[in-house]
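Trainee: First the structure, which I've put down as structure tokens, then a few questions once you've had a look.
The values are calculated or read from the model by the stated rules, or taken from the named source; none is laboratory data. Here the structure is a predicted model, which is why all the values come from computation and not from measurement. Methodologically, a virtual Cβ is constructed for each residue, glycine included, from the backbone with ideal geometry; neighbour enumeration extends over all protein chains shown. With ligands, DNA and RNA removed, areas are computed over all heavy atoms of the protein, side chains included. Shrake-Rupley method; radii C 1.70, N 1.55, O 1.52, S 1.80 Å.
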Amino acid sequence: MALDKNYVDKTDFEVLQPAIDYYQGHGTATDKLRTYYYQGRIYQNQQKHYELAMQCFVKAITEGATSDDILTKARVLFTQGRIYSTIYEWDKCIAAYLEAAEYFKHMDRTSSYVNCIAGIINVYTIIGNTAQAQKYIALAQERLDNCSAKIRAHFYSNYLTYLATYGQDKNDIRTAINDYISISSTS
């Protein structure tokens, strides 16, 4: 957990293996939720075992169903959504992002909530569902001022893609670009 929080992306199980071995037969729902989540993250960091990562995330949600660790549940669901996105499973992607968004919203983690919503906007833009994309654009914009610059930039990236694909008014694109520039560093 400490390595992950410090953006150290492990690709081997050296540190986690004792926990994996122990919590397969012991421990609380929270212990299992976290262990399977981090096991899945290691598979994901290897960038070739997404199926194994997804299996770990499914186990995390199943084994951790009674856990009150909402943050880890949200992270598992968000990560599942990202994997679904890479394999074009749009309905599953949206469902995972929506559930993660609700957990993040419940915990007042606005940046994480908007990050999920930006992912949903991206999917609806890809599949051409402009009504749903517009709905989630409006939801994100309501909370954008309370987000980190990184998340606002991520939102604007998805919003600009939507506008470039479906926008009717070039002034909307110009305004979005100006808004993006205003929150981005000059470098």
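Trainee: Among the candidates TYR7, TYR37, TYR50, TYR43, single out the residue that is modelled with pLDDT under 95, closer than 19 Å to CYS116 by Cα and either among the aromatic types (Phe, Trp, Tyr) or touching a Phe, Trp or Tyr at 6+ places or on another chain (Cβ under 7 Å) (or both).
Mentor: TYR37
Trainee: What tally of residues in the range 59-83 results from selecting those that are open to solvent by 30 Å² or more (accessible area, probe 1.4 Å), among the β-branched types (Val, Ile, Thr) and out of contact with any Leu (no Cβ under 8 Å at 6 or more places or on another chain)?
Mentor: Selection size over the range 59-83: 3.
Trainee: While we're looking at this one, here's another question. Test ASP145 against the criterion of being open to solvent by less than 80 Å² (accessible area, probe 1.4 Å) and assigned to a helix (DSSP H, G or I), and give yes or no.
Mentor: Answer is no for this residue.
Trainee: Restricting to the range 9-34, name every residue that is closer than 18 Å to THR79 by Cβ, in a helix (DSSP H, G or I) and either free of Cβ contacts under 8 Å to residues at least 24 places away in the same chain or of a type outside the set (Ser, Thr, Tyr) (or both).
Mentor: Within the range 9-34, ILE20, LYS32, LEU33, ARG34 qualify.
Trainee: Looking only at the range 23-58, count every residue that is of a type in the set (S, T, N, Q), open to solvent by less than 40 Å² (accessible area, probe 1.4 Å) and within 19 Å of the chain's Cα centre (by Cα) and tell me the total.
Mentor: Residues in the range 23-58 being of a type in the set (S, T, N, Q), open to solvent by less than 40 Å² (accessible area, probe 1.4 Å) and within 19 Å of the chain's Cα centre (by Cα): 4 in total.
Trainee: If I ask for residues that are in a helix (DSSP H, G or I), open to solvent by 10 Å² or more (accessible area, probe 1.4 Å), modelled with pLDDT of 95 or more and of a type outside the set (A, V, I, L, M), which ones from the range 86-103 would you list?
Mentor: Within the range 86-103, TRP90, ASP91, LYS92, TYR97, GLU99, GLU102, TYR103 qualify.
Trainee: Let me ask another. Here is a check on your reading of the model: is ILE120 of a type in the set (Val, Ile, Thr), farther than 30 Å from ILE20 by Cα, open to solvent by 30 Å² or more (accessible area, probe 1.4 Å) and assigned to a helix (DSSP H, G or I)?
Mentor: When the stated conditions are applied, ILE120 does not pass them.
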